[in-house]
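**Student:** First the structure, which I've put down as structure tokens, then a few questions once you've had a look.
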Amino acid sequence: MRDALGGTHLSKEEPITNSRTDDQSCIDPSCDSIEFEVHRSELHCVTCGLSKGSGGMDPGFAPSSSDPDRLIDRVTGKPSTGSDIPLRYDRKFDRLSNLQKRTTSEDVQFLEQIIGHLLHTCGNTQTTSMAVALLDRVNSVSPFGTRRKKMIGDKKMSDEDGRDYRARVYAAAAADVLNSDGRANRSRQISRDWGLNYSDFTGAKRFINTHRRRISCEQASRVPRTRIINQEIATNTDFLAQIIGRDSANRVRNASIAILREHLELLDDDDVIGVGKFTNQPPRKAALIATIEAMAIVKVERKAVRQLYALNPVPGGSNFVERSAHLFREN
């Protein structure tokens with residue numbers, strides 16, 4: 001109603017109406033306030049102090065983080081810290097929210113796509129952080145984004161699928177480089193599950209290792225064959241312990257070491273160096289063959305061979321696994 005001075009006021013009988021929706025008013029029917037303040041991430045009515053629940057905006061920081069290296073930020077292109085303006089607050093804030101998303105987001109580059117596959121497969125673990133650090137070092141001297149040449153495994157794929165395939169190749173390769181350095185992980189299972197071409201996989205590892213040595217000014221070096229075989233025997237023993245128990249796995253381990261020594265592998269520096277049946281085999285495959293032969297000697301069921309190979313798919317070992325049935329028939 002209008003008063004004598006031409007102004008307007010609300011009579012006691014007239015209900016107070018908010019310019020916003022009821023969702024923005026106090027939850028107490030007797031309180032007419034539409035003003036709130038945030039206290040400990042909750043909205044509180046300024047007039048009566050009642051809590052309305054979680055605040056519409058985040059506090060702008062996180063006291064603790066499960067992503068200290070901010071890998072998720074890199075993969076999504078959106079920072080996880082800082083204020084986030086929600087949608088559906090009202091039209092003015094919706095415009096601010098859309099503007100904020102455009103100004104804070106970044107394009108996800110090829111390197112970040114590689115990191116995304118590592119995060120999805122290995123989780124936000126130390127192995128992932130170490131692999132990302134390795135990729136960053138290599139990318140600083142030879143950007144992955146410039147490597148657009150088709151690989152063997154993506155020749156018949158679309159451009160988008162081919163890009164994703166190459167990202168998987170480099171992700172698995174970075175993890176396997178760490179594996180070869182003694183940081184055990186699931187790189188081989190990942191390569192198998194993703195269906196990566198073996199030549200693509202080894203080529204990516206060669207590319208990463210070459211530039212890693214260039215950065216560190218290291219000469220190309222070969223990891224001692226004995227060290228690789230010992231590492232593989234230890235890996236096979238751990239996997240077998242899950243399948244047939246620790247005692248049986250240790251018996252297989254001892255038998256496989258005896259087989260390798262018999263054929264002039266795992267020799268000490270003072271021993272005579274000779275040529276044995278494993279000489280032309282890569283060290284990882286030599287360890288796998290010796291382990292399978294030892295399993296037959298210890299009289300482990302042959303189905304454990306396939307279970308072991310599923311856990312540790314050594315490159316080039318599938319044919320021997322398939323042809324190993326005669327070893328178990330003879331024993």
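The values are calculated or read from the model by the stated rules, or taken from the named source; none is laboratory data. Computed from a prediction, not measured in an experiment: that's the story for all the values here. Heads up, the Cβs are rebuilt from the backbone with ideal geometry, glycines too, and the neighbour counts pull from every protein chain shown.
**Student:** Please determine, by comparing only the residues of the stretch 226-246 that are more than 26 Å from the chain's Cα centre (by Cα) and surrounded by fewer than 15 Cβ atoms within 10 Å (Cβ to Cβ), which one is modelled with the lowest pLDDT.
**Tutor:** Looking at residues that are more than 26 Å from the chain's Cα centre (by Cα) and surrounded by fewer than 15 Cβ atoms within 10 Å (Cβ to Cβ), I get Arg227.
**Student:** For residues in the stretch 278-315 being hydroxyl-bearing (Ser, Thr, Tyr) and within 34 Å of the chain's Cα centre (by Cα), which is modelled with the lowest pLDDT?
**Tutor:** Within the stretch 278-315, the match that is modelled with the lowest pLDDT is Tyr309.
**Student:** Ala249 - would you say it is more than 31 Å from the chain's Cα centre (by Cα), surrounded by 15 or more Cβ atoms within 10 Å (Cβ to Cβ) and either more than 20 Å from Asn319 (Cβ to Cβ) or modelled with pLDDT of 95 or more (or both)?
**Tutor:** no
**Student:** Can you name the number of the only condition in (1) buried (at least 21 other Cβ atoms within 10 Å of the Cβ); (2) more than 30 Å from Ile233 (Cα to Cα) that Val177 fails?
**Tutor:** Unmet condition: (2).
**Student:** Then there's this: What number goes with the only condition from (1) over 13 Å from the mean Cα position of the chain (by Cα); (2) modelled with pLDDT of 85 or more; (3) surrounded by fewer than 15 Cβ atoms within 10 Å (Cβ to Cβ) that Cys217 does not pass?
**Tutor:** Every listed condition holds for Cys217 apart from (2).
**Student:** Next up: Out of (1) modelled with pLDDT of 90 or more; (2) exposed (fewer than 12 other Cβ atoms within 10 Å of the Cβ), the odd one out for Arg168 is which?
**Tutor:** So Arg168 meets the others, but not (2).
**Student:** Just give me the residues in the stretch 164-196 being closer than 21 Å to Gly145 by Cβ and assigned to a loop (DSSP other than H, G, I, E, B), in sequence order.
**Tutor:** Matches in the stretch 164-196: Trp194, Leu196.
**Student:** Filter the stretch 252-277 for residues that are among the hydrophobic types (A, V, I, L, M, F, W, C) and at pLDDT below 85; which is surrounded by the most Cβ atoms within 10 Å (Cβ to Cβ)?
**Tutor:** Leu266
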